[in-house]
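Structure, as structure tokens:
Read the figures in this text as sums done on the coordinates, not as results from a lab. Note that the coordinates shown come from a computational prediction; the quantities given were computed from them, not determined experimentally. Glycine also receives a Cβ, built like all others from the backbone with ideal geometry; neighbour counts cover every protein chain displayed.
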Amino acid sequence: MSDSRGLADRVAVVTGAAGGMGAAISHRLAVAGAFVIAADVNEEAGTAVAAAIRESGHEADFIATDVSQPTAVAALVQATMDMHGRLDCAVNAAAIEFEQVPLAEAEDDDFERMMAVNLRSVFLCMKYEIQAMLSTGRGGSIVNIGSTNSFRPQVNQPAYTASKHGVVGLTKSAALDYTKHGIRVNAIAPGAIDTPMLREALERWSLDPQRVERRMSLFGRFGTPREIANAALWLCSDDSSFTTGHTLAVDGGFLAH
Ligand SMILES: NC(=O)c1ccc[n+]([C@@H]2O[C@H](COP(=O)([O-])OP(=O)(O)OC[C@H]3O[C@@H](n4cnc5c(N)ncnc54)[C@H](O)[C@@H]3O)[C@@H](O)[C@H]2O)c1
């Protein structure tokens, strides 16, 4: 970043803010000067993230939000606008991942749940975030968190893979429609990043972390939430002013091989 306070006076919403990446993104945007509205379904952990940001001398509030619920997402954006009168950046990171079976063995309800939390949420968040950005006329920047699964599926993850492919489609579609209004829309495709979601998956699949590190990254290690946060900050800031409709792989080179 050319300016370490590149988001000074901006207001940012981050969903999934209680989780590994969402928390790191919330901290990173706040340090860059944004007032961060941290949103998550996990009230206790989300409240702690916002409190830690404030204790470090930066600005954040927490709003409990289930991003799969239209009324909750609308209320999150409305509360942001009521408090601040503007929304400049949004990072839509909330998601779940729990599958361990191939498509023909998958439960219909599990597919529906994955789609509601991972894909419909991105549709809902962007819908209300874009409405807010249009209402101020200031434009904005939206970053959706996809996955390397958006391009290269892992075995036994049919619904997660479909949901993450969909995130890239929504990102491109919104970029086409709203770049002319000054709203840039991009995505990040993280590789294997050391967060609670990854650690739970390793345990569920009884995988040796060191073998996975070697298989999933040319660096032979997991990525850190901070490395995703750095990419999110760049995409939120004016430093990426000519970038829209793009999905940035931050994956240790996983998609290169
Ligand atoms: N960790 C990885 O290796 C990895 C790789 C590729 C993509 N991703 C993606 O990165 C993003 C962040 O994942 P993470 O690894 O930090 O996971 P995480 O499980 O640590 O955090 C996810 C957060 O989302 C929240 N959440 C879940 N359902 C929600 C809902 N209905 N409403 C609001 N919040 C909800 C959880 O409470 C949690 O705080 C996700 O979109 C995930 O799919 C992760």
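Val91 fulfils the conditions (1) part of a strand (DSSP E or B); (2) out of contact with any Gly (no Cβ under 9 Å at 6 or more places or on another chain) except for a single criterion, (2). Taking each residue of the stretch 191-209 that is without any contact (Cβ under 8 Å) to a residue 12 or more places away in the chain and assigned to a loop (DSSP other than H, G, I, E, B) and looking for partners that are of a type in the set (A, V, I, L, M, F, W, C) and within 8 Å of the ligand (Cβ to nearest atom) with beta-carbon atoms closer than 8 Å, six or more apart or interchain, yields Leu207/Ala201. For Ala18, state whether it is crowded, with 24+ Cβ neighbours inside 10 Å, of a type outside the set (Lys, Arg) and within 15 Å of the ligand (Cβ to nearest atom). So Ala18 fits the description; yes.
Among the residues of this structure, Arg152 counts as one that is touching a residue at least 12 places away in the same chain (Cβ under 8 Å) and either surrounded by fewer than 22 Cβ atoms within 10 Å (Cβ to Cβ) or closer than 19 Å to Asp251 by Cα (or both). For the residues Val143, Val250, Val155, the requirement of being among the aliphatic types (A, V, I, L, M), within 29 Å of Arg113 (Cβ to Cβ) and away from the ligand (no atom under 12 Å from the Cβ) singles out Val155. In the stretch 56-67, the qualifying residues are those that are within 13 Å of the ligand (Cβ to nearest atom) and surrounded by fewer than 20 Cβ atoms within 10 Å (Cβ to Cβ), and the one that is farthest from Asn118 (Cα to Cα) is Ala64. Within the stretch 103-123, does at least one residue satisfy the condition of being polar (S, T, N, Q), within 15 Å of the ligand (Cβ to nearest atom) and buried (at least 17 other Cβ atoms within 10 Å of the Cβ)? Yes, because at least one residue in the stretch 103-123 is polar (S, T, N, Q), within 15 Å of the ligand (Cβ to nearest atom) and buried (at least 17 other Cβ atoms within 10 Å of the Cβ). Residues that are within 15 Å of the ligand (Cβ to nearest atom) and not in a strand (DSSP E or B) within the stretch 30-50 comprise Val41, Asn42, Glu43, Glu44, Ala45, Gly46, Thr47, Ala48, Val49, Ala50, listed in sequence order. Taken over the stretch 33-71, the criterion of being touching a strand residue (DSSP E or B) at 6+ places or on another chain (Cβ under 9 Å) and among the small types (Gly, Ala, Ser) is satisfied by Gly33, Ala34, Ala38, Ala39, Gly46, Ala48, Ala50, Ala51, Ala52, Ala60, Ala64.
The single condition from (1) of a type in the set (Phe, Trp, Tyr); (2) farther than 30 Å from Asp9 by Cβ; (3) part of a helix (DSSP H, G or I) that Trp234 fails is (2).
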